[in-house]
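Working notes, structure below.
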Amino acid sequence: MTPSDAAAAAPWWQEAVFYQVYPRSFADSDADGVGDLAGIRARLADLAWLGIDALWISPFFRSPMADFGYDVSDFCDVDPLFGDLAEFDGLVADAHTLGMRVVIDWVPNHTSEQHPWFLDASSSRDSPRRDWYVWRDPAPDGSPPNNWVAAFDLTAPAWTFHEPTGQWYLHLFESAQPDLNWDEPAVEAAMHDTLRFWLDRGVDGFRADVIHGIGKDPALPDDPPDVAGIPHCALNDEPVTHERLRSIRTLIDGYPGGRMMVGEVFLMSTEAVATYYGHDDELHLAFNFPPLFAPWLAERWRACIEETLAALGPRGAWPTWVLSNHDNPRHRTRYDRAAARAGEDDATAARRSEARARVAAVLLLTLRGTPFVYQGDELGLTDADIPADRVVDPGGRDGCRAPIAWDGTPDHGWPTAAGTTTWLPLAPEADTRNRAAEVADTGSVLHLYRRAIVLRRATPALSRGSLELVESPAGVLAYRRELDGDIVEVRLNFGGTGVDLGDPGLVDADVLLASDGPEPPRRFTGVLGPDQAVVLRR
């Protein structure tokens, strides 16, 4: 097969630009201050205008909302807060009409404590579903069975004692989220059925939450002293998980239309994450987290890219790239905080903040792999400053989850009934960083994202081509994308001063895209401006 034949045969999710929708904060249809499925459906045309190929919709299932939907009490229904199954079906149909795919969250590691399975399992040690969860007797001194620590509260064990039955149950996250026991065949069968339920309704795939958690060492040994105190969800990496992923892959691949699964494998080793692709028989895609936490330094990003290509290349695995999501501060906020710690003064910080975010947008959308845009990043948003009396999330993630503004009206597209407010305060600068204002301004961050996505789609070298890192001056990240002889050059200046690239071959190259706003077709001078990124063709 020639390179062009291989590119032509690429599955849709390799070329797609994904957009993560956090339903509570995207768009509201019923004035209760909480976003919903009808709100998403009403804004699909806006996402199509941006150029989005696929939506990843965070949980909307029935839930007591102890972890805002990741504590599922019914995997096969919509929580009334967000709508109903008919509304979901309409959303999928409308998205497909607009040429967009729909991927939904799937939470296989745990349920809500209010799920009927757990209510049954906790009713008696003799319950038929007792083994659907992980139960253990107390240690001889009455303490938890091992030293595993739960996420969010590093002082809390990953166990809760259940007085009525005299045993501890495991939960890698909140106590309201008991872990399922995938060693029980009935659990695996039941969770496969939940996949079939949504596949039969036409979803195009799943984002599998903490998928590496579904396999655990049945001996449940203590974590070693050198990592004790780190949440066990960031350490769990058991071989049996791969067997289970192969079974899930077989199920998904049995459906027509190129269905897929992207996994949250929250391990900080790219080499470890790569194993969850298997040999093209496990996950189709896996999130790679080191770049999400990488500082805004050209040298560090070069290392991230090298590590990713080295780990995934031998497997023929396709990378993913993420700068922000619902669990972490937005990338603009992270980079601004780091600059402040480095002593950047307020005036310089204000000047460079958006410029850095623009360079990051070009980076995200020109790397080899599938990019995931988190809602609001295309507006250049930072985290909201949430007053203490409005904080609701157990993990302190409220700032990145603030509702996004749609227009410049007093309610910014979030009309609420008398006596109610949006569930969290709106994201900052809502008067100017709203979609309507940025659509009207062709120099906005929103238009930069749109131009970058259009260029990516129109340029096979960017969507499917190889990537070669290129030597560059300090503070500059440079790489070449190529497919069938078409070569595109990307240069990104991570610093606040201009840089002469010292490459005569780039002088007078065509500028296909520049991070610092719209411009007529022009030639490159050979000098990168401060905090500037360009995409060039010699």
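What follows draws every value from the coordinates through simple rules; no lab data is involved. On a predicted model such as this, the values are computed, not experimentally measured, just so you know. We place every Cβ from the backbone using ideal geometry, glycine too, and count neighbours over all the protein chains shown.
Details
- Measuring between their Cα centroids, segment 360-379 and segment 263-295 lie 18 Å from each other.
- Neighbours of Asp486 by Cβ distance under 15 Å: Lys/Arg scored +1, Asp/Glu scored -1, total +3.
- Full-extension gain in nm, Ala417 to Phe161, via 0.36 nm per residue minus C-alpha separation: 88.0 nm
- Coarse-grained scattering of segment 197-256 at q = 0.16, 0.18, 0.23 Å⁻¹, given as base-10 log I(q)/I(0) from a Debye sum over alpha-carbon atoms: -0.65, -0.74, -0.98
- Inter-label distance, nm, simple model (7 Å from Cα along the C-beta direction), Arg246/Glu468: 3.7
- Calculated mean residue ellipticity, 222 nm, the chain: -8000 deg cm²/dmol, from DSSP H runs (n ≥ 4) at -39500 (n - 2.57) each, averaged per residue and rounded to 500.
- His279/Phe197 FRET efficiency (R0 35 Å; Cβ-Cβ; nearest 0.05): 0.75
- Where labels lie 7 Å past Cα in the beta-carbon direction, separation of Glu271 and Asp346 in nm: 4.8
- Residues Thr525, Thr366 arranged by fewest to most Cβ contacts within 10 Å: Thr525, Thr366
- Between the Cα long axis of helix 346-366 and the first principal axis of the chain there is an angle of about 80°, rounded to the nearest 10.
- Neighbours of Ala54 by Cβ distance under 11 Å: Lys/Arg scored +1, Asp/Glu scored -1, total -1.
- Equivalent ellipsoid, segment 348-442 (semi-axes from 5 times Cα gyration tensor eigenvalues, Å): 25, 17, 13
- Each other residue within a Cβ distance under 11 Å of Pro178 adds +1 if Lys or Arg and -1 if Asp or Glu, for a net charge of -4.
- Inter-probe distance in nm under a simple model that places probes 7 Å from Cα toward Cβ, at Leu154 and Thr525: 4.7
- Cβ-derived FRET efficiency at R0 41 Å, Val392 paired with Glu184, nearest 0.05: 0.75
- Cα pair distances exceeding 36 angstrom across the chain, given as percent: 34
- Alpha-carbon centroid distance for the pair segment 8-69 / segment 314-356, whole angstrom: 23
- By the beta-carbon count within 10 Å of each Cβ, the least crowded to most crowded order of Met100, Met260, fewest first, is Met100, Met260.
- Peptides 29-36, 375-382 ordered by average Cβ neighbours within 10 Å, highest first: 375-382, 29-36
- The distance linking segment 213-246 with segment 404-451 is 42 Å (Cα centroid to Cα centroid, whole angstrom).
- Calculated P(r) of segment 465-537 - Cα pairs past 20 Å, %: 23
- Protection proxy ranking of 89-96, 134-141, 58-65, 351-358, by the mean of other Cβ atoms within 10 Å over each peptide's residues and highest first, is 58-65, 351-358, 89-96, 134-141.
- Extension gain for Asp46-Asp131 works out to 26.0 nm (0.36 nm per residue, less the C-alpha to C-alpha distance).
- Segment Asp77-Ala228, extension gain: residue separation times 0.36 nm, minus the distance between their alpha carbons: 50.6 nm
- Its Cα centre serving as origin, segment 465-537 has a Cβ charge dipole (Lys and Arg +1, Asp and Glu -1) of approximately 120 debye.
- Debye intensity ratio in log₁₀ form over the Cα atoms of segment 225-320, taken at each q of 0.11, 0.19 Å⁻¹: -0.37, -0.95
- Cβ crowding within 10 Å averaged over residues, with 45-51, 315-321 ranked highest first: 315-321, 45-51
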